[in-house]
Amino acid sequence: AEPQRAAAAAPRRWWDWDSLALWRGLAGSGFAAAAVLAGVLVLGPAPAPGPARYFVVLAAPQSQAPGWLVQAQAAGRLRLVPLGTDVVPAEKSLQFWTKADGWSAPVSLGLVKPGEAIEVPVDKLPPLQPNQLFELTLEPAGGSPIGKPTGPIQFIGRAVQI
């Protein structure tokens, strides 16, 4: 009986597991931490937007049938992806061009093999812009002899920023 009375008479410490003060303190601290975290998440700075991305569907001028897809980022690479396969005569080649508002002339992005994707580093181009023109023209084998499109346009489209 003596140990029971001693245990009952002993004062409770706040750090005992069965102490009400301990659990009230932990609950209050948890609530305060959750409130601070919620404030940081709601009022914190918004994430910086990534580099601008552009998307172009190149369509045949006569039928408006999509034939190629251009995906580009302002910082990175421009990718030309075929949506089908085209037939190009043996003595001809497809050449990829772009021209933005304010440019004096189109810029060649290289020759394209029908049905094959290509990538072009964007750092070799002037900055990409919304509404920038992209086209594929049918040129003599090896490409345009004068550095500008000479053949008929096979596919054409304008860039949209997404």
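The values are calculated or read from the model by the stated rules, or taken from the named source; none is laboratory data. All values reported here derive from a predicted model rather than from experimental measurement. Cβ atoms come from the backbone with ideal geometry, glycine included; neighbour counts cover every protein chain shown.
Remarks
- Test: residue in the range 56-74 that is surrounded by 10 or more Cβ atoms within 10 Å (Cβ to Cβ) and hydroxyl-bearing (Ser, Thr, Tyr): no
- Here the range 84-101 is the region considered, the condition is being loosely packed, with under 13 Cβ neighbours inside 10 Å and modelled with pLDDT under 85, and the residue that is farthest from Ile118 (Cα to Cα) is Val87.
- Subset of the range 126-162 (residues that are over 12 Å from Phe96 (Cβ atoms) and of a type in the set (Val, Ile, Thr)): Ile146, Thr150, Val160, Ile162
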